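Structure first, then comments.
The values are calculated or read from the model by the stated rules, or taken from the named source; none is laboratory data. Predicted, not measured: the structure shown is a model, and the values here were computed from it. Here the Cβ is made from the backbone with ideal geometry for all residues, glycine too, and neighbour counts use every protein chain on show. When the accessible area is computed, the model is the full protein with side chains, heavy atoms only, and any ligands, DNA or RNA have been set aside. Shrake-Rupley method; radii C 1.70, N 1.55, O 1.52, S 1.80 Å.
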Amino acid sequence: MAWRKETRRQVLAAAHQLASEAGWDNVSLAAVAERANVSRPSVYKAFGNRAGLGQALVLQETQQLLHGVAEQLGGPDAGLAASLERAMVFVLTEAERNPLVKAVVAAARHGSDSLLPYLTARPDPVFDAAQELLQAWFGVHYPHASAEQLELAADVTVRMTISHLILPAWEPTLGAQKLSRIVVAVITELEISGN
């Protein structure tokens with residue numbers, strides 16, 4: 001069991017390095033196995049195929065990113081707009097700092113990279129995990145909002161943030177400022193109108 005866990009960790013680390021260096025489209029399982037210093041059959045056994053490895057890699061990165069988002073959002077006493085803005089700044093700057101996310105986003109801007117669907121498509125564990133985190137957080141700040149309103153606010157937040165990652169209109173701080181204002185206006189209007 002410990003050997004499998006270590007092999008999985010090594011393979012994910014190697015895949016992360018290679019995808020960061022050359023983009024996921026240029027990563028082969030043979031190269032990953034060589035970089036991880038394991039056999040190709042070990043990679044297949046741990047992940048099934050290249051798509052399985054890609055999904056595991058994106059899920060690992062997403063968990064780390066969402067942990068950071070949760071820290072930026074803070075607890076129930078944190079102000080909604082300021083917390084949301086901090087979380088968005090974190091995501092947008094992390095996309096520039098994290099070599100793998102940066103490689104995926106850069107490739108997506110040029111119309112390639114097969115890791116992108118794991119970040120943007122529904123139903124998908126990445127999208128759903130981000131939406132669930134935000135939906136619960138919005139629920140603390142808007143206790144009278146319906147589940148449907150909270151889901152819509154979370155959905156809008158995730159989609160706008162991903163869209164801005166891929167096609168940014170502003171630098172991260174200004175983008176986060178504008179996006180967070182839009183989200184707060186949307187959820188406030190939803191709660192007032194009851195829609």
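What's the FRET efficiency of Asn37 with Glu132 using the Cβ-Cβ distance as r and R₀ = 41 Å, to the nearest 0.05?
0.65
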- Item | Top positive-direction residue, dipole computed over the chain with Cβ charges, set Pro168, Ala81, Asn49 | Asn49
- Ranking Val105, Ala36, Ala145 by how far each Cα lies towards the positive end of the charge dipole of the chain (+1 on Lys and Arg Cβ, -1 on Asp and Glu Cβ), the top one is Ala36
- Message: Once ligands and nucleic acids are excluded and a 1.4 Å probe is used, how much of Ile162 is accessible, expressed in Å² to the nearest 10?
- Response: 40 Å²
- Would you tell me the accessible area of Met160, worked out with a 1.4 angstrom probe on the heavy atoms of the protein chains, in Å² to the nearest 10? 40 Å²
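Run the numbers on segment 1-95 and let me know its relative contact order in percent, using alpha-carbon pairs under 8 Å that are six or more apart. Before the final figure, lay out the partial values.
Working: 62 pairs, mean separation 20.0, N = 95.
Value for segment 1-95: 21 percent.
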- Task: Please calculate the 1.4 Å probe accessible area of Lys178, with all protein chains present, and give it to the nearest 10 Å².
- Result: 70 Å²
- As a check on your grasp of the helix formula, calculate [θ] at 222 nm for the chain: sum -39500 (n - 2.57) over DSSP H runs of n ≥ 4, divide by the residue count, round to the nearest 500. -26000 deg cm²/dmol
- Task: Could you pull out every one of the lysines with an alpha carbon less than 19 Å from that of Lys45, ignoring same-chain neighbours closer than 8 positions?
- Result: Lys5
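Can you tell me the convex hull volume per residue for the chain, based on C-alpha atoms, in Å³ to the nearest whole number? Each step should come with its number before you reach the end.
Numbers: hull volume 23.9 nm³, N = 195.
With only Cα atoms used, the chain gives 122 Å³ per residue.
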- Using 0.36 nm per residue of separation minus the Cα-Cα distance, give me the extension gain between Met1 and Ala51 in nm, one decimal. 15.7 nm
- Query: What angle, in degrees between 0 and 90 and rounded to the nearest 10, separates the Cα long axis of helix 50-73 from the longest principal axis of the Cα atoms of the chain?
  - Reply: 40 degrees
- Tell me, what is the percent relative contact order of the chain, built from C-alpha pairs under 8 Å that lie six or more residues apart? 21 percent
- In the neighborhood of His67, defined by Cβ-to-Cβ distances under 12 Å, what is the net charge if each Lys or Arg adds +1 and each Asp or Glu adds -1? -3
- Can you tell me the FRET efficiency between Ala82 and Ala30 if r is taken as the Cβ-Cβ distance and R0 is 45 Å, rounded to the nearest 0.05? 0.40
